[in-house]
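Colleague: Here it is, the structure, as structure tokens.
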Amino acid sequence: MTLIKSISGIRGTIGGNPGEALTPLDIVKFTYAYCEKMKERRPKTDGERYKVVVGKDARLSGDMVEQLVCGTLVSCGVDVVKAGFASTPTTEMAVVFEEADGGIILTASHNPKQWNALKLLDEKGEFLNAEDGAAILECAEQENFTFADVDSLGDIEERDFTDEHLDAVLALPAVDVEAVRNAHFKVALDAVNSVGGIIMPRLLERLGVECICVNCEPTGQFAHNPEPLPANLVELSEAVLANGADLGISVDPDVDRLALICENGKPFGEEYTLVSVADYLLSRVYDEALATGKSMEELAAPYVMTTSSNLSSSRALRDVTEQYGGEYFAAAVGEVNVTTKMKACGAIIGGEGNGGVIYPALHYGRDAMVGVALFLTNLAYKKIKVSELLATYPQYVIAKNKIELSDSALIDRILDEIKTVYASEDINTIDGVKISFEDRKEWVHLRRSNTEPIIRIYAEASTKEAADALAQQIIDIANTILSSRA
């Protein structure tokens, strides 16, 4: 059994011993700590009530975890708005709709069905920063808990925020509902038997898109590994081909990641979800500037022609951004790090190479619904096939490897040696070590695991062979260090 505590929440497998898995005791302690720190962060006068939104994906353990979380919130004197089955972005937006003090999302994202998690939001519907997350972890370890008396208990109400979320997506100026309707798209959708099977068909219906549903019953019995990677989307690819669909859409259990399948049944590539959406938004501003004579700065306002993604995401986003005269900014891995960087640089779009699209005109959170709406708008305008759209972007391949160590103390030694070996290259150390080889548009990124003595290695190049070779160079250096130590 596994329990992982981090600044972004608590995640673990269901069943087992307290402190070793996600047990009822751990859930109560962690929810209590969240309440305590929320009250410290947002002090109120006597009589003012606290309110927290709780949403969940369709996991088998969802009802049990929801009851524990909501009961603990009520016992802390906090009013609860139960969003029920709700995507992660829906719950994030519900916090804003409700003017709540925070939110808790019950989902383990792409992890298998035995996992669940509590993901914690602030009053903006965004993930907590590192300082607030650390304070909750510390508070949860205490032994003294004080709960509200009977006259101060919180209340519970239930609300479905699905349509309110979709209303906001479809109202965006960059989403052209009429153009998508007139394109008469047909898509196949794989929602891995979770909440994507509820919200995504509603979105597609409102866009006038014919939807062939694959694994869209929110039973929590995941039909395949829920991470939306090509190896797990064979059934979706077959559905695209069998039905003559224009594309396939795959989402993870909490619908914050989006992966696409081309009309020929081949993967669009989750790295290119963000790239394609960014291309559309940047070109939209660029083309209007050419047509009207207005400046791109004026047309992009209140944002600027910048983009951001984490260090392990494809260089293709940078290439596309610079093509339109914009500037790209890299962030440390982690959604909160990306959104922080996006706010700092005023990015018009950002996200993560795992299919996570963050469009600040809607909200600062990964959102597959807005990703689909923007992608289909772009496709409707261009009037080309999805495979043809993919061919217009710089083509890169990412190789993913790891070095397993017997002693975590060796990690720093290896990272320091790598920096020395490649000192003449462009090195970024905001999150591990990333070396960029600008002359050949390749990079390699080394990150330590937060839970195991492992160094993760991501390498990108124009071909798989070149990416594998670059990763192997790093592995060979690490092996040399380990051999010399032996």
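Colleague: What is segment 106-182 by shape, rounded, prolate or oblate, if you read a ≥ b ≥ c off the alpha carbon gyration tensor as root eigenvalues and call it rounded for a/c under 1.5, prolate for a/b larger than b/c, and oblate otherwise?
Modeller: Verdict is prolate for segment 106-182.
Colleague: Can you work out ³J(HN,Hα) from phi for every residue in segment 226-236, in order, using Karplus 6.51 cos²θ - 1.76 cosθ + 1.60 and θ = phi - 60°, giving whole Hz and x for Gly and Pro?
Modeller: With coefficients 6.51, -1.76 and 1.60, one gets x, 6, x, 9, x, 4, 9, 10, 4, 4, 5 Hz.
Colleague: Taking the Cα centre as origin and putting +1 on Lys and Arg beta-carbons and -1 on Asp and Glu beta-carbons, what dipole magnitude results for segment 3-160, to the nearest 20 debye? Mind showing how you got there, number by number?
Modeller: Working: 17 positive and 28 negative charges, 109 e Å.
Dipole magnitude for segment 3-160 comes out near 520 debye.
Colleague: To continue, here is another question. I need the phi-derived Karplus couplings for segment 282-287: 6.51 cos²θ - 1.76 cosθ + 1.60, θ = phi - 60°, integer Hz, Gly and Pro marked x.
Modeller: 5, 5, 4, 5, 4, 5
Colleague: Another question, then. Let me make sure I get this right: for the chain, a, b and c are the square roots of the gyration tensor eigenvalues over alpha carbons, sorted descending. Under 1.5 in a/c it's rounded, otherwise prolate if a/b > b/c, else oblate. Which is it? Spell out each step's value before the answer.
Modeller: On the way: a/c = 1.55, a/b = 1.13, b/c = 1.37.
In terms of gyration-tensor shape, oblate.
Colleague: In debye, nearest 20, what is the charge dipole magnitude of the chain about its Cα centre with +1 on Lys and Arg Cβ and -1 on Asp and Glu Cβ, if you could check?
Modeller: Value, rounded to 20: 780 debye.
Colleague: Now, a different point. Working only with C-alpha atoms, what are the Rg and Dmax values of segment 382-486, expressed in angstrom?
Modeller: Radius of gyration, then largest Cα-Cα span, for segment 382-486: 16.1, 61 Å.
Colleague: Which far-off residues, 5 or more places away or on another chain, put their amide H under 5 Å from the one on E442, with H placed in the peptide plane?
Modeller: F437
Colleague: Another question, then. Could you work out the local net charge near V187, counting Lys and Arg as +1, Asp and Glu as -1, over the other residues with Cβ closer than 15 Å to its Cβ?
Modeller: Every neighbour counted, the sum reads -2.
Colleague: Could you give me the ³J(HN,Hα) list for segment 82-90, computed from phi with Karplus coefficients 6.51, -1.76, 1.60 and θ = phi - 60°, whole Hz, x at Gly and Pro?
Modeller: Running phi through 6.51 cos²θ - 1.76 cosθ + 1.60 with θ = phi - 60° gives 7, 8, x, 5, 8, 5, 4, x, 5 Hz.
Colleague: So, counting K/R as plus one and D/E as minus one, what does the shell of residues with Cβ under 12 Å around K119 add up to? It would help to have the intermediate numbers written out before the result.
Modeller: Numbers: positive: R11, K56, R366; negative: D57, E92, D122, E126, D254, D256, E335.
In short, -4.
Colleague: Among the Cys residues of the chain, which have no other cysteine Cβ under 4.7 angstrom away?
Modeller: That list is C70, C139, C211, C262, C345.
Colleague: Cα to Cα, under 25 Å, and not fewer than 8 places away if on the same chain: which lysines meet these conditions relative to K37?
Modeller: Output for K37: K5, K29, K51, K56, K82, K119, K124, K341, K343.
Colleague: Is the shape of segment 165-261 rounded, prolate or oblate, going by the alpha carbon gyration tensor and its root eigenvalues a ≥ b ≥ c, with a/c under 1.5 for rounded and a/b larger than b/c for prolate? Working shown, then result.
Modeller: On the way: a/c = 2.07, a/b = 1.39, b/c = 1.49.
Judged from the Cα gyration tensor, segment 165-261 comes out oblate (a/c at least 1.5, b/c at or above a/b).
Colleague: Once Lys and Arg get +1 and Asp and Glu get -1 on their Cβ, which of L260, G244, N232 lies farthest toward the positive end of the dipole of segment 165-261?
Modeller: Looking along the dipole axis, the top candidate is G244.
Colleague: Quick one: divide the alpha-carbon radius of gyration of segment 1-74 by 2.2 N^0.38 Å and tell me what you get. Kindly include the intermediate steps, with their values, before the conclusion.
Modeller: On the way: Rg = 13.5 Å, N = 74, 2.2 N^0.38 = 11.3 Å.
So the Cα radius of gyration is 1.20 times the expected 2.2 N^0.38 Å.
Colleague: Something else now. Once every DSSP H run of n ≥ 4 in the chain is given -39500 (n - 2.57) and the sum is divided by its residues, what mean residue ellipticity at 222 nm do you get, rounded to the nearest 500 deg cm²/dmol?
Modeller: So the calculated ellipticity at 222 nm is -12000 deg cm²/dmol.
Colleague: Just the number, please: percent antiparallel of the DSSP beta bridges in the chain, rounded to the nearest 5.
Modeller: The answer is about 55 percent antiparallel.
Colleague: All other residues with a Cβ under 10 Å from the Cβ of I14 taken together, and with Lys, Arg as +1 and Asp, Glu as -1, what is their net charge?
Modeller: Details: positive: R59, K113; negative: none.
Cβ neighbours under 10 Å give a net charge of +2.
Colleague: Can you sort T45, T219 from fewest to most other Cβ atoms within 10 Å of each residue's own Cβ?
Modeller: T45, T219
Taken together, the values in this text are just the output of simple stated rules run on the coordinates, not laboratory data. No experiment lies behind these values; they were computed from the predicted model shown. We place every Cβ from the backbone using ideal geometry, glycine too, and count neighbours over all the protein chains shown.
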